[in-house]
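Colleague: Here it is: the structure, laid out below.
Here, each number is a calculation from the coordinates, and none is a lab measurement. Keep in mind it's a predicted model, so treat the numbers as computed, not measured. Here the Cβ is made from the backbone with ideal geometry for all residues, glycine too, and neighbour counts use every protein chain on show.
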Amino acid sequence: MLTIQRRALISARLARDGEVVAKRMADELNLSEDTIRRDLREMAAEGLLKRVHGGALPLVPPLPNFAARQEIAGDVKRRLGQKAAAMIEAGQTIFLDGGTSNAEIARAMPRDMRLTVVTHSPTIAAELERHEAEVILIGGRLYKHSMVATGAAALAAIAGIRADLFFLGVTAIHPAHGVSTGDFEEAAVKRAILGQAAETYVLATVEKFDAVSPHHVAAIPELSGFIVPNEISDDMLAPYDGTDIAIIGA
């Protein structure tokens, strides 16, 4: 088998499964494991994938900082935020994760709606200054990249709160590997909130699909739905057909 053919198969496997296990791939192709490992090393050097022990993961580019992310896909995020805000009902307790997409939810919420909003993001809390909503701000160690609180203090406070809705922010979505993010502590906080929420929705821009970040947050069946831009392709959503997860266009 030619090198270009092996690389094409490796790329296709990454796209389908979100990972390549060198030994398994070698057995399937009836090749030596050293051959596959060499291909993975060379593809990693070319910036085509990320090498890990025993195989490879898709390459996820580093995220820009919080201020820069505010300028990315602004119109799309506003639409997603407006759709999410329309799902919220008076009297509910909702949890807003950090992030620029979730900031659009806070901006789109009716200012006179009475409800309780819990967040561990000071930037989200600031968006609600002029709202009638009661705001509970979870404290802890500030993870400045995402402007959210993390650590033991945040986890302890979250354990005492039950939410009707949780709008979860993630950096990657994959049908096999679920939703994930780039920071270990932030992922732990997200998992804790999800465990306290009756329903969890992800505002999902196109670039997050078919990607895997280092730290797992939840499997797809643990989520209630995705809120996605209407222009997203059917092929990108096809892996979620036949599941219980709701796909809500905006």
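Colleague: What are the semi-axes of the equivalent ellipsoid of the chain, taken as the square roots of 5 times the eigenvalues of the Cα gyration tensor, listed largest first and rounded to whole Å? Don't skip to the end; give the middle numbers.
Modeller: Details: eigenvalues 274, 68, 49 Å².
Sorted largest first and rounded, they come to 37, 18, 16 Å.
Colleague: How would His174, His215 line up from fewest to most surrounding beta-carbon atoms within 10 angstrom?
Modeller: Numbers: His174 23, His215 18.
With the sparsest Cβ surroundings first, the list reads His215, His174.
Colleague: Skipping prolines and chain starts, which residues have an amide H placed within reach, meaning under 5 Å, of the one on Tyr143, given they are 5 or more residues away or on another chain?
Modeller: It is Val148, Ala149, Thr150, by chain and number.
Colleague: Round to the nearest 0.05 the FRET efficiency obtained for Glu132 and Ala152 when R0 = 45 Å and r is the Cβ-Cβ distance.
Modeller: Details: r = 32 Å, r/R0 = 0.71.
Efficiency computed from Cβ-Cβ geometry: 0.90.
Colleague: Something else about it: Taking Cα atoms, how many degrees apart are the long axis of helix 3-17 and the longest axis of the chain, rounded to 10 and kept between 0 and 90?
Modeller: Orientation of helix 3-17: about 30 degrees from the principal axis.
Colleague: Does a label point 7 Å from the Cα of Ala238, set along Cα-to-beta-carbon, have any residues of the stretch 1-27 with amide nitrogen under 12 Å, and which are they?
Modeller: 16
Colleague: Dipole magnitude of the stretch 107-250 about its Cα centre, charges +1 at Lys/Arg Cβ and -1 at Asp/Glu Cβ only, in debye to the nearest 20? All intermediate terms of the calculation are to be shown ahead of the outcome.
Modeller: Details: 10 positive and 18 negative charges, 124 e Å.
That gives the stretch 107-250 a dipole magnitude of about 600 debye.
Colleague: Related question: Along the positive direction of the dipole of the chain (beta-carbon charges: Lys, Arg +1; Asp, Glu -1; about the Cα centre), which of Ala45, Ala15, Ile158 reaches farthest?
Modeller: Of the options given, the answer is Ala45.
Colleague: Specify the angular offset, from 0 to 90 degrees and rounded to the nearest 10, of the alpha carbon long axis of helix 184-195 from the longest principal axis of the alpha carbons in the chain.
Modeller: In the chain, helix 184-195 runs at an angle near 60 degrees to the longest axis.
Colleague: Further question on the same structure: If one takes the longest principal axis of the Cα atoms in the chain, at what angle in degrees, from 0 to 90 and to the nearest 10, does the Cα axis of helix 74-86 lie?
Modeller: Rounded to the nearest ten degrees, it is 60.
Colleague: Among the GluC sites (Glu not before Pro) in the stretch 80-135, which ones are in a DSSP loop with at most 13 other Cβ atoms within 10 Å of the Cβ? Mind listing them?
Modeller: Details: sites: Glu89, Glu104, Glu127, Glu129, Glu132, Glu134; in loops: Glu89, Glu129, Glu132.
Those that pass, being in a loop and sparsely packed, are Glu89, Glu129, Glu132.
Colleague: Could you name the lysines in cross-link range of Lys190, using Cα to Cα under 25 Å and dropping any fewer than eight places away on the same chain?
Modeller: Straight-line reach from Lys190, under 25 Å: Lys50, Lys77, Lys83, Lys144, Lys208.
Colleague: So for His216, His120, fewest C-beta neighbours within 10 Å to most, what's the order? Intermediate values should be presented prior to the final figure.
Modeller: On the way: His216 16, His120 32.
Listed from fewest to most nearby Cβ atoms, that is His216, His120.
Colleague: OK, next. Summing +1 for each Lys or Arg and -1 for each Asp or Glu, what net charge is found among the other residues whose Cβ lies under 12 Å from the Cβ of Arg51?
Modeller: On the way: positive: Arg37, Arg38, Arg41, Lys50; negative: Glu19, Asp39, Glu42, Glu46.
Combined, the nearby Lys, Arg, Asp and Glu give 0.
Colleague: Under a Cβ-only charge scheme (Lys and Arg +1, Asp and Glu -1), can you give me the dipole magnitude of the stretch 3-57 about the Cα centre, in debye to the nearest 20? Numbers along the way, then the final one.
Modeller: Working: 11 positive and 9 negative charges, 20 e Å.
Result for the stretch 3-57 is approximately 100 debye, rounded to the nearest 20.
Colleague: Can I ask one more? From the helices alone, meaning DSSP H stretches of at least four residues, give me the mean residue ellipticity at 222 nm for the chain, per-run term -39500 (n - 2.57), in deg cm²/dmol to the nearest 500. Could you put the intermediate results ahead of the total?
Modeller: Working: 10 runs with 91 residues, N = 250.
After summing the helix terms and dividing by residue count, I get -10500 deg cm²/dmol.
Colleague: Would you mind getting the Kirkwood hydrodynamic radius of the stretch 3-57 from its Cα pairs, rounded to one decimal in Å?
Modeller: Details: mean 1/r = 0.0933 Å⁻¹.
Computed over the stretch 3-57, the radius equals 10.7 Å.
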